[in-house]
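So the structure is just underneath, and the comments pick up after that.
Read-outs: derived from the displayed coordinates by stated rules, not from any lab. It should be emphasised that the depicted structure is a prediction, and the values quoted were computed from it without experimental measurement. FYI the Cβ positions are ideal-geometry reconstructions off the backbone, even for glycines, and counts take in every protein chain you see.
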């Protein structure tokens, strides 16, 4: 199965970010992608954390979700919308950081709400997603019937989830063969830990891993690590993009996964 990671450098303009996502998706489809993955916060990296509240939508309704459904349908691909803010009934000060999956007909076929919220303070940089986000509590997989004749079982996660191996074992226990990690890793933590964590999750689960990232210096002054990458079930990096907007392609082979799991029966 041909698949694409759509690395972005999202700005403070929702309209511009949606246009950039659409252009990258068109590139992916032109290269034969059946699956395309956008990064965390592809829709907006605002000047303040509370900017998320201003664009949040009700699940199943809103201009962002309508546009994403149209994009998936127009290009005929499964589109994983890395994350966007969804409203919480009765709570005006928090949102869910949600990953939505649209099928080639434009239907939303899966929703995953980020379970682990980023909190980091090294004395120079400070982030605390708990101020604006409410954590999810449910692992999610979806099925993707591919042109290769195999129906892929795809597990969803978002960014900081990557540091919690138990989530990925849960997804693998649910049948996951491909683990997706849309992210917006900081330059500080990404330079230290990004690649080793992605390769570890592939090795832990003998699974394919695809991580679409934010990658560059953003309008709000934040610098993200980028390095969107595909990792095979043996922990080898197949393709990556260090920085800048890009379409990162890979040809995923289910036979390789079956071979590695038969050679090393570690998923017990």
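For the chain, what does -39500 (n - 2.57) per DSSP helix run (n ≥ 4), summed and divided by total residues, give at 222 nm, in deg cm²/dmol to the nearest 500? Intermediate results must be reported in sequence, preceding the final value.
On the way: 6 runs with 73 residues, N = 268.
So the helix-based figure for the chain works out to -8500 deg cm²/dmol.
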- Can you pull the semi-axes for region 2-263, root of five times each eigenvalue of the Cα gyration tensor, sorted largest first, whole Å? 26, 21, 18
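Compute the whole-percent fraction of alpha carbon pairs in region 154-236 spaced more than 16 Å apart. Walk me through the intermediate numbers first.
On the way: 1546 of 3403 pairs.
The calculated P(r) of region 154-236 puts 45 percent of pairs beyond 16 Å.
By DSSP, what percent of the beta bridges with both residues in the chain are antiparallel, rounded to the nearest 5? Numbers along the way, then the final one.
Numbers: 38 of 54 bridges.
So the antiparallel bridges amount to about 70 percent of the total.
Using a 10 Å cut-off around each Cβ, can you sort 164, 42 from fewest to most neighbouring Cβ atoms? Intermediate results must be reported in sequence, preceding the final value.
Numbers: 164 14, 42 27.
Ranking 164, 42 by Cβ neighbours within 10 Å, fewest first, gives 164, 42.
Sorting check: for 136-144, 71-79, 211-219, which peptide has the highest mean count of neighbouring beta carbons within 10 Å, and how do the rest follow? Let's see the in-between values first.
Values: 136-144: 16.3, 71-79: 20.6, 211-219: 23.8.
Packing proxy ranking, top to bottom: 211-219, 71-79, 136-144.
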- Task: Starting from the Cα of residue 148, step 7 Å toward the Cβ, then list every residue of region 241-259 with an amide N under 15 Å from that point.
- Result: 249-259
- Item | Hull shadow area, averaged, region 1-149 [alpha-carbon convex hull, nm²] | 9.3 nm²
- Message: Whole angstrom only: what separates the Cα centroid of region 64-141 from the Cα centroid of region 206-226?
- Response: 15 Å
- Given labels modelled 7 Å from the Cα in the Cβ direction, how far is it in nm from residue 163 to residue 30? 3.9 nm
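Given 0.36 nm per residue, what is the gain on full extension from residue 121 to residue 191 after removing their alpha carbon distance, in nm? List each step's numbers first, then the result.
Values: separation 70, 0.36 × 70 = 25.20 nm, distance 1.60 nm.
Working it through step by step, the gained length comes to 23.6 nm.
What translational D, rounded to a whole number of µm²/s, comes out for region 34-78 from Stokes-Einstein when the hydrodynamic radius is the Kirkwood one over Cα pairs, at 10 °C and 1.306 mPa s? Before the final figure, lay out the partial values.
Details: Rh = 12.0 Å.
The diffusion coefficient I find is 132 µm²/s.
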- Query: Tell me, 196, 154 in order of fewest to most beta-carbon neighbours within 10 Å?
  - Reply: 196, 154
- Query: Among 119, 187, which comes first, then next, by fewest other beta-carbon atoms within 10 Å?
  - Reply: 119, 187
- Which FRET efficiency, nearest 0.05, do residue 262 and residue 109 yield, Cβ-Cβ r, R0 30 Å? 0.50
